[in-house]
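No value in this document is a laboratory result; all are computed from the given coordinates. Model, not experiment: these values are computed from the prediction. We place every Cβ from the backbone using ideal geometry, glycine too, and count neighbours over all the protein chains shown.
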């Protein structure tokens with residue numbers, strides 16, 4: 001199966017390298033507006049590259065791994081007419097691919113990527129969706145060679161999976177950032193908090209988050225909550241309100257149960 | 001070293017079992033207002049128990065592992081006069097122990113405990129503080145037999161460590177709860193998010209949280225942010241505001257950098 005990658009960002013780097021190593025699959029070209037990125041990735045994949053989509057080669061499958069708001073435009077390009085195209089976005093509806101072709105799909109990896117990180121794809125959930133059964137089967141086959149966890153969900157469900165990933169990854173990462181900022185502002189090593197962060201994630205693997213909840217808000221310990229808020233007010237602009245908001249949400253959650 | 005545990009909650013269960021297994025240390029008694037808990041823990045430790053602090057035995061060290069607001073009262077009990085007492089709280093000042101004795105300290109484990117979980121203490125940071133060098137040395141020795149990570153920080157620093165733990169554990173756990181609620185509300189297995197949660201924590205171990213930040217708020221991708229908020233508004237009361245607040249904090253953080 002000959003594949004072209006359009007886009008050479010973090011996800012394209014990770015995913016294309018993985019696919020190129022699979023038997024029966026070959027990345028034949030990388031297209032990116034950034035010549036540096038296109039060349040860098042094509043060197044790794046040992047394939048051709050171009051900065052111009054007009055140069056796109058004939059292939060069995062086209063990965064559109066570009067920014068969300070550029071997907072529709074790329075998919076509508078004349079050179080991709082009647083081709084098998086898939087995008088890799090968590091939140092963009094599959095229908096944006098439908099104007100130019102009848103064979104299309106989505107190939108969404110539930111993980112955040114960095115350009116050069118070593119990735120163990122085995123455990124990464126791959127969520128696929130397609131225009132028809134034949135395309136779906138092809139995407140499932142490819143996904144199954146990459147990961148043990150392959151799911152077929154529609155665009156609305158994928159949107160909510162992406163939203164939940166924002167809470168579970170982007171937002172938790174920011175809270176850990178705040179935790180480490182509070183520590184370094186008090187001349188305490190930010191690493192002191194790492195074992196707790198790792199343990200928090202480990203617990204989720206065996207118990208539901210609801211059952212793992214502890215802390216002042218869970219106990220409705222208003223004295224400690226107020227001391228925390230007073231301290232945050234004395235040092236930070238946004239964090240006192242953030243603390244209140246999340247604490248209130250916790251109090252509200254466990255009051256109802 | 002003969003030790004009495006006052007309190008038989010989650011922390012007392014975990015810590016007392018660990019200490020009782022150390023050579024040269026023996027828990028001789030558990031005191032708790034709850035007879036069930038006192039008996040349960042004393043059975044495990046193979047020691048005496050009482051529900052009345054008037055029965056407390058003579059010992060070299062007394063652990064006060066009770067609720068924050070009860071520590072001062074327990075420490076002031078006539079039977080503990082001039083004894084070596086320590087509390088285990090993250091946020092209570094060491095000075096609450098000073099009225100009844102000159103030998104006192106704090107022994108705070110930066111981890112959340114469950115009564116019967118198997119705990120690997122090796123990596124858990126232990127933060128100690130004491131009234132004087134001799135008491136500090138004793139607590140450091142004990143802490144060093146429990147964990148590789150022993151720190152001496154004062155009460156103000158320990159307060160901020162506890163506050164940072166609220167962000168890094170309690171709050172992140174709640175966000176994961178929300179993520180899993182969004183999934184189950186859409187008939188998607190909540191387990192789909194677990195690999196991402198584990199990866200988020202793993203990344204923190206090698207990179208600073210600031211460098212790991214990704215997502216719509218980091219990219220200032222207002223279109224996706226607004227679609228997320230509209231969706232949350234259609235389903236939930238508190239979560240749209242929570243989403244906005246954390247996103248604004250992320251936008252604010254990376255605008256300044």
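Taking springs between alpha-carbon atoms closer than 10 angstrom, which of A:129, A:23, A:223 fluctuates most in the Gaussian network model of chain A?
A:223
For chain B, modelled as a Gaussian network with Cα springs under 10 Å, which listed residue fluctuates most, B:64, B:176, B:204?
Result: B:204 has the largest fluctuation of those listed.
What FRET efficiency comes out for the pair residue A:189/residue B:39, r = Cβ-Cβ distance, R0 = 56 Å, nearest 0.05?
Approximately 0.85, to the nearest 0.05.
Taking chain A as a Gaussian network, Cα atoms linked when under 10 Å apart, which of A:55, A:221, A:120 shows the biggest mean-square fluctuation?
Of A:55, A:221, A:120, the Gaussian network model singles out A:221 as fluctuating most.
Where does each of B:91, A:164 land when they are ranked from fewest to most other beta-carbon atoms within 10 angstrom?
Fewest to most other Cβ atoms nearby, the residues stand as B:91, A:164.
So how tilted is helix A:10-20 from the main axis of chain A? Cα-based, degrees 0 to 90, rounded to 10.
So the inclination is approximately 50 degrees.
At 20 °C and 1.002 mPa s, what whole-number value in µm²/s does Stokes-Einstein give for the translational diffusion of chain B, with Rh from the Kirkwood sum over Cα pairs?
Details: Rh = 20.9 Å.
Taking Rh from Cα pairs, D becomes 103 µm²/s.
How large is the convex hull of the Cα atoms of the range A:2-153 per residue, expressed in Å³ as a whole number?
Spread over its residues, the Cα hull of the range A:2-153 gives 98 Å³ apiece.
With viscosity set to 0.692 mPa s and temperature to 37 °C, compute the Stokes-Einstein D of the range B:159-255, Rh being the Kirkwood radius across alpha carbon pairs; µm²/s, no decimals.
221 µm²/s
Over every pair of different alpha-carbon atoms in the protein assembly as shown, take the mean of 1/r and invert it; report that Kirkwood radius in Å.
Kirkwood hydrodynamic radius for the protein assembly as shown: 25.3 Å.
Taking the 0 to 90 degree range and rounding to the nearest ten, how far is the long axis of helix B:194-206 tilted relative to the main principal axis of chain B, both from C-alpha atoms?
70 degrees
For the pair residue B:23 and residue B:136, what calculated FRET efficiency results from E = 1/(1 + (r/R0)^6), where r is the Cβ-Cβ distance and R0 = 22 Å, to the nearest 0.05?
0.55
Peptide B:181-194: average number of partner chain Cβ atoms within 10 Å per residue? Write out the running numbers ahead of the final one.
Numbers: counts 5, 8, 7, 2, 2, 9, 3, 8, 3, 5, 5, 10, 10, 7.
Across the residues of B:181-194, the mean count of other-chain Cβ atoms within 10 Å is 6.
Can you say what percent of the DSSP beta bridges in the protein assembly as shown, counting only those with both residues inside, are antiparallel? Round to 5.
Here the antiparallel bridges make up roughly 20 percent for the protein assembly as shown.
In peptide B:217-225, how many Cβ atoms from other protein chains are near each Cβ within 10 Å, on average?
The per-residue average across the peptide is 3.
With just the Cα atoms defining each centre, how far is the range A:203-225 from the range A:140-166? Give it in Å.
Rounded to whole Å, the Cα centres lie 29 Å apart.
In degrees, nearest 10, range 0 to 90: what is the angle between the Cα axis of helix B:222-235 and the longest Cα principal axis of chain B?
Result, in degrees: 70.
Determine, from the Cβ-Cβ distance of residue B:2 and residue B:51 and an R0 of 25 Å, the FRET efficiency 1/(1 + (r/R0)^6), rounded to the nearest 0.05.
Taking R0 as 25 Å, the efficiency between residue B:2 and residue B:51 is 0.80.
Counting only other chains, and only Cβ atoms inside 10 Å, what mean value do you get across the residues of A:119-131?
2
May I ask you to sort B:62, B:108 by Cβ crowding, counting other Cβ atoms within 10 Å and putting the fewest first?
B:108, B:62
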